[in-house]
Amino acid sequence: MRINRLVILSLIYLLVYIVLFAQFHFDPKMLIDFIQLDSSLFMHTITVQIEFIGLQIFKFCLINMYIDFYIQLKEMIDIRKGNYRSILFKQIMICALIIMLPDILLIRGISGVIRVILNILVFTVLYIVQLTSKNKIVFATSPLIYCVLLIFINQSTI
Amino acid sequence: MNKVIELKNITKAFGPNVVLDDIDLMISKNDVIYIHGPNGCGKSTLLKIITGLLPQDKGTLYIEADETIGALIENPEFSNYSTIKENLEFLYNLKNKMDYKKVEDLCNRFELDLYDKKNVKNYSVGMKQKMGIIQAIMEDQSIILLDEPTRGLDDRSVIVFQDIMQELIKDNKTIIIAAHDYIDIGYNRKIELKSGRLYEDQ
């Protein structure tokens, strides 16, 4: 069942957050600050910078592991006249919502809502660009562009 | 004569290489067609155009609206990090609810286990080929297109394949097989594809 795979990947994602939470001595405020890091990221230690950028790259990798199933079956979906794009978009949206769950749970006020909506939009668009582009440079830089845009979103919605 | 597929003036080229050159082909219901020709003559391209996987450069393609197509084109690609059941279940459930008994029976005939916990990544080329044949026929499709279906199959599996094809012919399916190895399943038409043109054997 595909749902099993989704649960496993969600648990892996949860585990990453538990490790981060432990690293911040189980202080929720520190975890929230980390998730919502803005340009002040560059005043933190190199470890924090790597962790923040690494987390964004990890989000892309995790979705790739799940979406790969549909990509490999594309030809057979097309033969059956299935709507490949719609299937893929639905799965990407489900993944994006799961990936953004920590952000959704931490929503504070209107600016928080705007932040999450922008975050989901940017993430989805960049993931689709990464998926549809056959250019290796685009593939490699999409998570980094997301990282920069996320910092910008966090900065402008404080 | 009940026409199910018609190709008119179909042309397809890859750069300067014209693979299909203004071909016409009419396929009637219950036809069992063998398309043969040397490697690279355009057999796969022709099947890909019929399935809609590849657009033609020129010409028109007609497929009867009520017909459903099942196809095995070249090396079948499955999700490698999923099981055989996950792959077949997803494909079947795109349009219908999976008939587990029927698919399990097809798998057993090809000595595959539908409930195998191993990922498809660990399957051999022959096992993936069997999966490809199963997915092409499991949904009771009315038109079946198979490209080199016996590639990588052992002798026993080839006999199973022949038996299944004969059952499908009895069920009045339209079958088109493109291959350069001839395996007799009781074709009523044989067509040679040579230099981009079709020549029907008399």
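Per-residue mean of foreign Cβ neighbours for A:76-85 is 6 (Cβ atoms of other chains, 10 Å radius).
Each peptide among B:10-17, B:48-55 gets the average number of other Cβ atoms lying within 10 Å of its residues, and from highest to lowest they stand as B:48-55, B:10-17. Among residues other than B:GLU86 whose Cβ falls under 15 Å from its Cβ, what is the net charge (Lys/Arg +1, Asp/Glu -1)? Summing Lys/Arg as +1 and Asp/Glu as -1 gives +1.
For chain B, the longest principal axis of the Cα atoms and the long axis of helix B:125-137 meet at an angle of about 70 degrees. Note on chain A: Rg/Rh from Cα positions, Kirkwood definition for Rh, rounded to two decimals, is 0.99. Against chain A, whose longest principal axis comes from its Cα atoms, helix A:136-156 is set at around 40 degrees.
More than 19 Å apart: what percent of Cα pairs in region B:95-148 qualify?
Pairs farther apart than 19 Å: 29 percent.
On the basis of the beta-carbon distance and an R0 of 30 Å, A:ILE104 and B:ASP99 show a calculated FRET efficiency of 0.15. Counting only residues at least eight positions apart within a chain, or on another chain, the aspartates and glutamates with an alpha carbon under 18 Å from that of A:LYS81 are B:GLU64, B:ASP66, B:GLU67, B:GLU77, B:GLU89, B:GLU139, B:ASP140.
Under a 5 Å amide H cut-off, with hydrogens placed 1.01 Å from N, B:ILE175 pairs with B:ASP31, B:VAL32, B:ILE33, B:ILE144 among residues at least 5 apart or on other chains.
Among residues other than A:SER142 with Cβ under 14 Å from its Cβ, the summed charge is +3 (Lys and Arg +1, Asp and Glu -1). Applying the Kirkwood pairwise sum to the alpha-carbon positions of region B:3-200 produces a hydrodynamic radius of 17.4 angstrom. Per-peptide packing, taken as the mean over residues of other Cβ atoms within 10 Å, places A:95-108, B:93-106, B:143-156 in the sequence B:143-156, A:95-108, B:93-106 from highest down. Given a Förster radius of 30 Å and the C-beta distance between A:VAL138 and B:ASP24 as r, what FRET efficiency does 1/(1 + (r/R0)^6) yield to the nearest 0.05? The pair A:VAL138/B:ASP24 has a calculated efficiency of 0.10.
As an exercise, use a Förster radius of 41 Å and the Cβ-Cβ distance of B:ASP201 and A:MET65 to find the FRET efficiency, rounded to the nearest 0.05. FRET efficiency, B:ASP201 to A:MET65: 0.25.
Laboratory data are not the source of any read-out in this text; all were calculated from the coordinates shown. All values derive from a computational prediction rather than experimental measurement. Cβ: placed from backbone, ideal geometry, glycine included. Neighbour counts: every protein chain shown.
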